[in-house]
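J.: The structure is given below, and queries will be raised subsequently.
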Amino acid sequence: MSERKILVTSALPYANGQIHIGHLVEYIQTDVWVRFQKLRGNRCLYFCADDTHGAAITIAADKKKITPEEFIAAVSQDHQKDFADFGIEFDNYGSTNTPETFRFCDEIWKAIRKAGLVVEKEIEQYYDPEAKRFLADRYIRGTCPKCGKTDQYGDNCECGATYSATDLIDPKSAISGTTPELRKSKHLFVEVEKLHEFLADWVEHSGALQNEVANFLKGQFLCDPLYAWDVSRPAPYFGFEIPDSPGNYWYVWFDAPIGYIGSTLQWCQKHGENIEDWWKNPDVEIHHFIGKDICYFHTLFWPAMLKMAGFTLPRKVHIHGFLTVDGEKMSKSKGTFVLARTYLNHLDPAYLRYFFASKTSSHVDDLDLNLAEMEAKVNADLVGNIVNIASRTAKFANLTGLAEVYPDDGGLFAQAVAQSETIAEAFEQCDYGKALRSILECGFRANKYIEEMAPWTLRKQWAALDKDPQADPAAKDELFARLRDSVTVGLNLFRQIVVYLSPILPTLARQTEELLGSPITSWSDVEKPLVGSNVNEYKYMMTRVPKEGIEAMIEETKQLEEASRVQAGEEQVQADAAGVCDDQWKDSGQMLIDEPMSETITIDDFTKVDLRVGRIVQAEQVKEARKLLKLKISLGGGHTRQVFAGIKAAYPEPEKLVGRLVIFVANSQPRQMKFGLSEGMVVASGPGGPDVFLTFPDEGAKPGMRLH
């Protein structure tokens, strides 16, 4: 099979939010496909970036009193940490706010201009008089004019309909909540209808789309003239100003997909390659992985842009459905709108990678996450079936090593090899569920073999003979050979399965490489057994899904939602209370009188203390301690500290602290305690015991901020 040259992208995550498990449906699906292609020997590169432009970024940065550039840099760091911790590996992760992306925005724009597709129109656009800005479509919410669903965006609805923001019923500004005004402004439009014939042919005959997607586009959009696409926004706007239209900026949806090319150029610059060899080369396969909610932009506007500028069109656009939890939309209040970081605080990412893969098909079906089902599936499939093969054989391999010649296994190894192309084709079509069913069959056969051979019994029998000076040496050697053969077969069948699973479970693949001392580098590794080598000490590869981990994850999600909702109310009460007469605060005043002031210090003394905002992401009892709670404090950017705090009597239910912001002494000397290392202190008031009160920062504070 000749090497294929493949360029893969996932949709760019917007830089105004954290990664959650709904996002991970796509990135895990893509990462699995890329790892599979690389294992097959193809040259496959995976590019992504943060989508960084638009009004939302400006508004979010203003709230934090930082520049948009500072804001998106911090978000990018968080995004990349989350992806890395879920085993998602990009060849380059960039940003749309780069010179590389601007270069191609300008190139594509000039090509569209040259083709005579750009027109200028004066339009009526919503304007928020309170926020003093024109509103991007995503900052208008209202009722869909087609299906009547409420609280929908100003440009598209969950039902799949797209429309002009002025068609929205009962519009409200998502910034201030006021009813926006219609004001006139000049916008630039791309007349996509002039490419109708090309797009209809591409949708129908290119083979780039799933059948259901092609039929949807033909029935929903291509049956009528295509609307001209509004590609500009007036100032103020965070983005690229259009060179030939001062005061206007390219709409975020214009430069977002161009970020794929910009990210590729960054990689090319690092590796001395030519960008045109990747984006203007018909021999390169371009594969986009996206959700069905952005199908319209990637299957009509994007091919039109690429066509006009002479770039290679996508070979395949892999479109997936939404994530539901227990059959319902993800919910913060129910604890099912789970952030990636919240999941990682409690559960192994391999669980989610495996479960999502088991539910992934080549169709645009929604994927439902039932946590009880995930627990049962992982425990049965991975722990009870696959990892069980290694745990029941590897412990004896320290004694026997692997046989010099692969033993007769009744055709099991050959049977697994024979399934190679069937499994590969399922991976190629993104039908990971089908691939896993075949892989699990290999596991069932391997376990049946091990059960019949019973190496634990052979080991016991051999040990008994080894201790008996009267034992027949030939009988002892025969038992040892049978034990070594059973171990050799078991571990080779296990390795075959892990090769097949490695795109889904890269950590299990690395553990297997360490155990057997042999790297997994190619899909063809399943074809040749390992023989004549030693086996390293077996270490547990995977544990059963802990129920308490699932419960803690749900509880933390609820607490984070509650904290964000309640905190504002509590802080408002605190602000209101500042004007109440002193008589209502006699108790706290008395405490100050009873507790004398410390000696005077200088400002230099005070600045030596590094006080930071932290978020409690874990809180638990220390059973052996009367006064201590064990806290895990997040300081943002993936940085956490462990703290043992003497607040047990005041907070007997520590789980209720999860999600709360606290003031944290970040530069205190770490202290080694009986129960572990305490890496800081949380700030509290009160005399002690049950009368201790943690100090909570004001609304808007974020983990990592320093107190001044």
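The values are calculated or read from the model by the stated rules, or taken from the named source; none is laboratory data. Keep in mind that this is a model prediction, so the values were computed, not measured. A quick note on method: Cβ atoms are made from the backbone with ideal geometry, for glycine too, and the neighbour counts reach across all protein chains shown. Please note that ligands, DNA and RNA were not included when accessible areas were found on the heavy atoms of the full protein model with its side chains. Shrake-Rupley method; radii C 1.70, N 1.55, O 1.52, S 1.80 Å.
J.: Which ones in region 149-172 are at pLDDT below 90 and at positive phi?
T.: Within region 149-172, Asp151, Gly160 qualify.
J.: Out of curiosity, is Gly384 farther than 16 Å from Thr488 by Cα and surrounded by fewer than 18 Cβ atoms within 10 Å (Cβ to Cβ)?
T.: For Gly384, the condition - farther than 16 Å from Thr488 by Cα and surrounded by fewer than 18 Cβ atoms within 10 Å (Cβ to Cβ) - is met.
J.: Give region 409-439 a look and list any residue that's open to solvent by 10 Å² or more (accessible area, probe 1.4 Å), in a helix (DSSP H, G or I), over 16 Å from Val32 (Cβ atoms) and not hydroxyl-bearing (Ser, Thr, Tyr), or say none.
T.: Leu412, Phe413, Ala414, Gln415, Val417, Ala418, Glu421
J.: Taking region 672-691, which residues are open to solvent by less than 80 Å² (accessible area, probe 1.4 Å) and either over 20 Å from Val617 (Cα atoms) or at pLDDT below 80 (or both)?
T.: If the condition is that a residue be open to solvent by less than 80 Å² (accessible area, probe 1.4 Å) and either over 20 Å from Val617 (Cα atoms) or at pLDDT below 80 (or both), then Met673, Phe675, Ser685, Gly686, Gly688, Gly689, Asp691 are the ones that fit.
J.: Among the residues of region 532-561, what is the count of those that are outside any helix (DSSP H, G or I) and open to solvent by 60 Å² or more (accessible area, probe 1.4 Å)?
T.: Qualifying residue count for the region: 7.
J.: Same structure, new question: Return yes or no: is Phe71 of a type in the set (Phe, Trp, Tyr), out of contact with any Gly (no Cβ under 7 Å at 6 or more places or on another chain), surrounded by fewer than 23 Cβ atoms within 10 Å (Cβ to Cβ) and part of a helix (DSSP H, G or I)?
T.: yes
J.: Being open to solvent by 30 Å² or more (accessible area, probe 1.4 Å), of a type in the set (Phe, Trp, Tyr) and either in contact (Cβ under 8 Å) with a residue 40 or more places away in the chain or in a helix (DSSP H, G or I) (or both) narrows it down to one residue among Tyr406, Tyr354; which is it?
T.: Result of the check over Tyr406, Tyr354: Tyr406.
J.: Sticking with this structure for a sec: Within region 75-114, can you find the residues that are over 27 Å from the mean Cα position of the chain (by Cα) and either open to solvent by less than 50 Å² (accessible area, probe 1.4 Å) or under 30 Å from Thr178 (Cα atoms) (or both)?
T.: The answer is Phe104, Cys105, Asp106, Ile108, Trp109, Ala111, Ile112.
J.: Mind checking which residues of region 495-531 are among the hydroxyl-bearing types (Ser, Thr, Tyr), buried (at least 22 other Cβ atoms within 10 Å of the Cβ) and in a loop (DSSP other than H, G, I, E, B)?
T.: Once the filter is applied, which keeps residues that are among the hydroxyl-bearing types (Ser, Thr, Tyr), buried (at least 22 other Cβ atoms within 10 Å of the Cβ) and in a loop (DSSP other than H, G, I, E, B), region 495-531 yields only Ser502.
J.: So, one more: Go through region 357-388 residue by residue and tally those that are polar (S, T, N, Q), more than 23 Å from Lys539 (Cβ to Cβ) and outside any loop (DSSP other than H, G, I, E, B).
T.: 1
J.: Test Leu226 against the criterion of being open to solvent by less than 50 Å² (accessible area, probe 1.4 Å), in contact (Cβ under 8 Å) with a residue 60 or more places away in the chain and in contact with a Ser or Thr (Cβ under 7 Å, 6 or more places away or on another chain), and give yes or no.
T.: So Leu226 does not fit the description; no.
J.: Now for a separate question. For Ala161, which of the numbered conditions (1) surrounded by 14 or more Cβ atoms within 10 Å (Cβ to Cβ); (2) touching a strand residue (DSSP E or B) at 6+ places or on another chain (Cβ under 7 Å); (3) more than 25 Å from Glu241 (Cα to Cα) fails to hold?
T.: Evaluating Ala161 over (1) surrounded by 14 or more Cβ atoms within 10 Å (Cβ to Cβ); (2) touching a strand residue (DSSP E or B) at 6+ places or on another chain (Cβ under 7 Å); (3) more than 25 Å from Glu241 (Cα to Cα) leaves (2) as the failure.
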